[in-house]
1. Helix 112-131: angle to the longest alpha-carbon principal axis of the chain, degrees 0 to 90, nearest 10?
2. Is there a quick way to get the dipole size of the chain? I mean about its Cα centre, with the Cβ of Lys and Arg at +1 and of Asp and Glu at -1; what is the value in debye to the nearest 20?
3. Calculated from the structure, Rg and Dmax of the Cα atoms in Å equals which of (1) 14.5, 54; (2) 15.7, 53; (3) 24.0, 65?
4. Leaving out ligands, DNA and RNA, what percent of the accessible area of the range 88-132 is carbon and sulfur, probe 1.4 Å?
5. Straight-line reach only, C-alpha to C-alpha below 14 angstrom: list the aspartates and glutamates that LYS75 could link to, leaving out same-chain residues fewer than 8 apart.
6. Among the lysines, which have Cα under 16 Å from the Cα of LYS115 when same-chain residues fewer than 8 positions away are ignored?
7. I want to check the label-to-label distance for ALA2 and ARG52. Put each point 7 Å from Cα in the C-beta direction and report it in nm to one decimal.
8. Please report, as a whole percent, how much of the solvent-accessible surface of the range 3-85 comes from carbon and sulfur atoms (probe radius 1.4 Å).
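The values are calculated or read from the model by the stated rules, or taken from the named source; none is laboratory data. No experiment lies behind these values; they were computed from the predicted model shown. Cβ atoms come from the backbone with ideal geometry, glycine included; neighbour counts cover every protein chain shown. Please note that ligands, DNA and RNA were not included when accessible areas were found on the heavy atoms of the full protein model with its side chains. Shrake-Rupley method; radii C 1.70, N 1.55, O 1.52, S 1.80 Å.
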Amino acid sequence: MALNLKVITPDKTVWDDSIEEVVLPSTTGQLGILSGHAPLLTALEIGVMRVRPDKEWKAIALAGGFAEVDNNEVKVLVNNAEMGEKIDLEAARSEYESAQSNFDAADKSDDKLAKTRATQALKKARARFQAAGGMAS
């Protein structure tokens, strides 16, 4: 028995199809979901969701949100989501390196708002770079 996965952002549906397995970046760690999973509602971190529709895994970069599991249906409601295969690897690498530099600079300052913004930007850039296949999760 398969799961039905829907990944929905405010402006589009990124995924709506059957899958065998999904690994979610929950706020408490990686969370694997198979068919028959107990009902669940969880917050999602900025990170990479792994989806296995058949034998091959696919990566989707998520920008935080929530996931609901019920009756072999997984609904993922997020601020933004991108299929890893559609992300330009070199552009993602450049964005990640730039975000890392900005984070390093902000981390040395006393500006808490700048640190928070740099941390969020780094998490998003890392998720995109990972989903594109540029670094291990």
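1. 50
2. Once rounded to the nearest 20, the dipole reads 280 debye.
3. (2)
4. Accessible surface attributable to carbon and sulfur in the range 88-132 totals 48 percent.
5. Within reach: ASP16, ASP17, GLU21.
6. Cα-Cα hits under 16 Å: LYS123, LYS124.
7. For ALA2 paired with ARG52, the spin-label model returns 1.5 nm.
8. Details: 1950 of 4170 Å².
It is 47 percent, rounded to a whole number.
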